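Shown next, in structure tokens, is the structure this report addresses.
The values are calculated or read from the model by the stated rules, or taken from the named source; none is laboratory data. Fair warning: this is a prediction, and the values are worked out from it, not measured in the lab. Cβ atoms come from the backbone with ideal geometry, glycine included; neighbour counts cover every protein chain shown. Accessible surface areas use protein heavy atoms only, side chains included; no ligands, DNA or RNA. Shrake-Rupley method; radii C 1.70, N 1.55, O 1.52, S 1.80 Å.
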Amino acid sequence: MFQSSGLGRRAGSGFVWDQAGHIVTNFHVVERAEQVQIRFRSGDPIPARVVGVSPDHDLAVLRVSEAADRL
């Protein structure tokens, strides 16, 4: 689950792309967000940063600094 803040809270889904911590989600979930957090089923919210977006394709790539075994 993804939560972002900026113009209110939003939630969405996504998936872990690789062990470097890249996560793919929808652009509309993080659009204009000031902060983004990832919440995996087993834990607390983890801060993430937006590293790339493609608004025309409604895609966004986030990155978290988590140990690979936690992804």
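Couple of notes before you dig in:
- Measuring nothing but how far apart in sequence close Cα pairs (under 8 Å, 6+ apart) lie, relative to its length, the chain scores a relative contact order of 32 percent.
- For segment 20-71: accessible area per residue (Å², 1.4 Å): 65
- For segment 2-71, the Kirkwood hydrodynamic radius from C-alpha pairs, put into Stokes-Einstein at 37 °C and a viscosity of 0.692 mPa s, yields a diffusion coefficient of 275 µm² per second.
- Sum of side-chain charges, VAL36 neighbourhood, beta-carbon under 13 Å (Lys, Arg +1; Asp, Glu -1): +4
- Residue range of the chain that is longest and free of trypsin sites (Lys or Arg not before Pro) which are both DSSP loop and sparsely packed (at most 16 other C-beta within 10 Å): 42-71
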